[in-house]
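These notes concern the structure reproduced below.
The values are calculated or read from the model by the stated rules, or taken from the named source; none is laboratory data. Quick caveat, the model's predicted, so the values are computed rather than measured. Neighbour counts run over all protein chains shown; Cβ positions are idealised from the backbone, glycine included.
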Amino acid sequence: MVHEHINIDQIFSLSALRSDNWRHLLGVSRKWVSGKVDMAEVKESFTKLEPMEMLHAYPGPKLVAKLSKDLVEERKDAFTALVARISFSILTRYYKEDPNEWSLNPEDGHGDSFNSAGVHRPYFEVLIVAPDRVHNVERNVQALLSQRQKDDDFIYEPLVVHTFQDAFCAVAVNNNICAVAIFDGFDFTSRLPVPQLNRTMGELHIHADEDHIGLQLASVIAEYRPELDLYLMSDQRPQDITEDPRSVCLKRVLYAVEEPTELHYAILEGVRDRYETPFFDNLKKYAHRPISTFHALPIARGKSVFKSDWIRDMGEFYGKNLFMAESSATTGGLDSLLEPTGNIKKAQQKAARAFGADHSFFVTNGTSTSNKMVLMAVAKPGDIFIVDRNCHKSHHYGAVLGGLYPYYVEAYPMKEYSMYGAVPLLAIKKALLNLRAEGKLDRVRAVDMTNCTFDGHVYNTRRVMEECLAIKPDLVFLWDEAWFGFAHFSPFLRPRTAMGAAANIEKWMRTPEALQAYEAQQAELGQQASDEVLLNTRLIPDPRQIRLRVYQTHSTHKSMSAIRQGSMVLVKDVDFVQIEPQLHEAVFTHATTSPNQQLIASMDVARRQMELEGYGLVSNAIQIALDIRHQIKTHPLISKYFKVLGADDMIPAEFRQSGFKDFLAPGTNWSDAAVSIRDDEFFLDPTRITLVCGTAGYDGTQFKTLLADEFNIQVNKTSRNSVLFQSNINNTRSDVAQLMRVLLELATRADNELAHAGAEGLKRFEERVVSLMTDVPDLPNFSHFHDEYRSDIGGKPSVEGDIRTAFFKSWDTSNNEYVGLFSEECDKRLKEGPPMVSAKLVIPYPPGFPIMVPGQVISQEIIDFMRKLDVKEVHGYDSSLGLQLLKLK
Ligand SMILES: Cc1ncc(COP(=O)(O)O)c(C=O)c1O
């Protein structure tokens, strides 16, 4: 095994490296016991561990000192036994539950307020940042510890560091930290080498602020992990602190010498606030109350299930609580999702806080419904919205239901993999400028994009919004972040979420530099800048004019611990007072009047989890993804047949302005990624892993079926020659190991088969690979809406169209006609007309984007693409009838 040298600023890889290195130390010390290595080797291995252990409360100074002593005094057996215990405890996390794990002699017990009498209390760590060798700090820590009681709701352990950089590293790598107490006056620079951190801090312009180092640290931590509670222990005058705008990120300021009791209670209270799940807590109480139900939900309380001879197994399978917690009542504190005033409202407020929004709304019918609700709420019939043609079908149907006119813009194609990337900003700006030239800007309500896309393309949300706002300052943005809800809990991805970017724009707007930058650009551009110039300029909006109006939808169930269909709408809209009544109506239009209680509760709980451990879980999901990518790339046999697409394969160089290539490119580290995230037009979400399987002779669907049927591995989506894996907060290193084992088995199988295939077999294999990888159909762009569904101005065909009229026209069957896809008539009509106009939204799976929408004229490219499609599932197309068309007037 490779025993890697650890630098504490290696953020993503550290958790895994930590346990690997303990295991390595254990291996070496066992060899020491049996005389195979000398003490120097053990010492080297132990010394390498120390910097990382400094950032964790466990094993802590007492156990580490004992190890050092045993090592120096060559007590081989004692040293090895303790290493074994600590290593196992870190791996299994026993130290969080068992006080004995902290003792020099396990039999002695921890001697204080740890878990007792079998009651599980969640464990966390409090980072204490304080000057070194200051006597009263040590006294304060001891005083804090002495406050802990057996009946506290949670257990915590302190972790003390003495410099700004160590504190930053601890916050970055220690997932147990839930609160930070900062005693002013510590040093900036770590005594350990932190080259990556130095570089990134340089990039982010973080320098020592000698006078206010405590506040500076607090503001940096708040930016990195906003969910943490920050306490400043100071002896400055309160006004000196509150005058500094950075103080807004503090939960409390306490007078260092006086307040250990207050600090203790504040820490517990802060964690309790995140822990409390208003709806779920009440639902649990409700479930255990004696209740007779006379409403229409016989399954509630489960009597008809558990007493049944025939369906009792359902009760046994799901467990009693599911039925006890079922209710259609909105009384008894259960609140109403459609008109929340009690604990659902509180749960939603907490979710808004957790995801950095002003408001949040729980939706129990998936993001499919959230999207329709938002579109209907923010726009009225006849309004235009600029939308990725390749977006989820809920947006197209949202336009149909709300009467919006979609102005379709195209993502860049990735023809070789039969998928699309994301929509270049240039296309969005062009759309806005075209609409402006046609005098329609007042009808343009929203820009609606998918962030990230199914395949992981993440927009530079801030830049898109800023440049669009420079053209129309009151535009609404809908970011469909169905897949990306978790991203808020990664400091790297958060700035690229809708809410993260909106927060940054909001902050920027308030600075004097914003207006200066705007005015400087205006002076340069002049009044009459051409569209050409505007397209080629990174536009700066007028901060005085901006109405920041941002909506994000996410499928909580896709990336967090919510039950299927749990979705949220997040809002940061300065004009929300006008939208709120409309959103209400939209909710009434689309939401069920019988929302599922378990679903609502699961969203409440998903929020709790993300606020308390989301950072660690998301870091782990990213680490797992990087591991998978690395292992596939470097394995000689697996990489012969399979390839994971890197950022450079998924995003053309013109959209990676920083020059970032890929996570695995030689010499790349997370500070390069940080720069790419800040500057590049698109960034690849590392957790979405496209594996090319066409090179092994499998098409996507075939490979997906093989993985599922033979190996019980489920994948997310397929394309003609690839499958998409997604790592999430549920994955462990065992999943990585299993995936690698399976890929190795399949690569070995392919190798053996080819070895015995003979010349003819080899030729067939190569032809198959060429057909999958090279002979791929062109992806058809959106053609245009037919004249009947457009209102052109000045003879110039409009891009946006009346999809709603076209959609409902087919309801009258006399308006429909059918033409066979492979028929001569189809070819004839393409050449000679009359044009064929689709009655339907036609979506093949894969690739899953609509190749026709109602009212769209069908082009030769669309027919060519459909004829080459070899997929079974094509929504909106019945091969026995042919293409469903709208008759023309
Ligand atoms: C981009 C996008 N938006 C919305 C949805 C719909 O989300 P849900 O399944 O939560 O209804 C999906 C589903 O795959 C999607 O890919």
Considering the range 507-565 alone, what residues qualify as being small (Gly, Ala, Ser), away from the ligand (no atom under 16 Å from the Cβ) and assigned to a loop (DSSP other than H, G, I, E, B)?
-> Gly526, Ala529, Ser530
Would the range 99-110 turn up any residue that is polar (S, T, N, Q), within 41 Å of the chain's Cα centre (by Cα) and either part of a helix (DSSP H, G or I) or at pLDDT 95 or above (or both)?
-> yes
Failed criterion for Leu435 (all others in (1) under 24 Å from the mean Cα position of the chain (by Cα); (2) farther than 20 Å from Val842 by Cα hold) = (1)
Every listed condition ((1) in contact (Cβ under 8 Å) with a residue 24 or more places away in the chain; (2) buried (at least 17 other Cβ atoms within 10 Å of the Cβ); (3) among the hydrophobic types (A, V, I, L, M, F, W, C)) holds for Leu637 save (2)
Of Val871, Val853, the only residue that is touching a residue at least 60 places away in the same chain (Cβ under 8 Å) and crowded, with 21+ Cβ neighbours inside 10 Å is Val853
In the range 452-491, residues that are under 11 Å from the mean Cα position of the chain (by Cα) and in a strand (DSSP E or B) total 1
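Per-residue answers, yes or no, for (1) closer than 30 Å to Ile638 by Cβ; (2) touching a strand residue (DSSP E or B) at 6+ places or on another chain (Cβ under 9 Å):
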site: Phe725; (1), (2): yes, yes
site: Ser783; (1), (2): no, yes
site: Thr813; (1), (2): no, no
site: Val819; (1), (2): no, yes
site: Leu830; (1), (2): no, no
Residues of the range 431-455 being touching a helix residue (DSSP H, G or I) at 6+ places or on another chain (Cβ under 9 Å) and more than 16 Å from the ligand (Cβ to nearest atom), which ones?
-> Leu432, Leu433, Asn434, Leu435, Arg436, Ala437, Lys440, Leu441, Arg443, Val444, Arg445
Residue in the range 429-451 that is nearest to Val776 (Cα to Cα), counting only those that are touching a strand residue (DSSP E or B) at 6+ places or on another chain (Cβ under 6 Å) and assigned to a helix (DSSP H, G or I) = Ala431
Restricted to the range 865-889 and to residues being of a type in the set (D, E, K, R) and within 19 Å of Asp699 (Cβ to Cβ), the residue modelled with the lowest pLDDT is Asp870
Only listed residue being more than 27 Å from Asp388 (Cβ to Cβ), charged (D, E, K, R), surrounded by 15 or more Cβ atoms within 10 Å (Cβ to Cβ) and touching a residue at least 24 places away in the same chain (Cβ under 8 Å), chosen from Glu817, Glu800 | Glu817
Residue set Pro541, Pro581, Pro595; condition modelled with pLDDT under 95 and either at negative phi or of a type in the set (Ser, Thr, Tyr) (or both); output residue Pro595
State which residue pairs qualify: first residue of a type in the set (Phe, Trp, Tyr) and inside the range 431-454, second residue in a helix (DSSP H, G or I) and away from the ligand (no atom under 16 Å from the Cβ) in any location, beta carbons under 7 Å apart, and separation of 6 or more residues or different chains.
-> none
Condition set more than 16 Å from the ligand (Cβ to nearest atom) and aliphatic (A, V, I, L, M), scope the range 401-430, selection farthest from Met449 (Cα to Cα): answer is Met414
Could you give me the residue pairs with C-beta distances under 9 Å whose first residue belongs to the range 560-573 and is in the same structural domain as Thr364 (by TED's automatic domain parsing), whose second residue is charged (D, E, K, R) and within 10 Å of the ligand (Cβ to nearest atom) wherever it lies, and which are 6+ apart or on separate chains?
-> Ser567/Lys558; Leu570/Glu481
In the range 111-129, what count of residues is obtained for those that are touching a strand residue (DSSP E or B) at 6+ places or on another chain (Cβ under 8 Å), farther than 13 Å from Asn174 by Cβ and modelled with pLDDT of 80 or more?
-> 2
Which fully enclosed helices (runs of 4 or more DSSP H) of the range 195-261 have 3 or more residues being at pLDDT below 75?
-> 195-203
Positions within the range 311-347 being outside any loop (DSSP other than H, G, I, E, B) and of a type in the set (D, E, K, R), in sequence order = Arg312, Asp313, Glu316, Lys320, Lys345, Lys346
For the range 355-394, name all the residues that are part of a strand (DSSP E or B), aliphatic (A, V, I, L, M) and more than 10 Å from the ligand (Cβ to nearest atom).
-> Ile384, Ile386, Val387
Among the numbered criteria (1) at pLDDT 95 or above; (2) within 20 Å of the chain's Cα centre (by Cα); (3) under 24 Å from Asn620 (Cα atoms), which single criterion is violated by Glu681?
-> (3)
With criteria (1) touching a helix residue (DSSP H, G or I) at 6+ places or on another chain (Cβ under 7 Å); (2) away from the ligand (no atom under 16 Å from the Cβ); (3) modelled with pLDDT of 95 or more; (4) among the hydrophobic types (A, V, I, L, M, F, W, C), Leu338 comes up short on (3)
Can you confirm whether the range 377-391 contains a residue that is surrounded by fewer than 24 Cβ atoms within 10 Å (Cβ to Cβ), touching an Asp or Glu at 6+ places or on another chain (Cβ under 9 Å), over 30 Å from Arg608 (Cβ atoms) and basic (Lys, Arg)?
-> yes
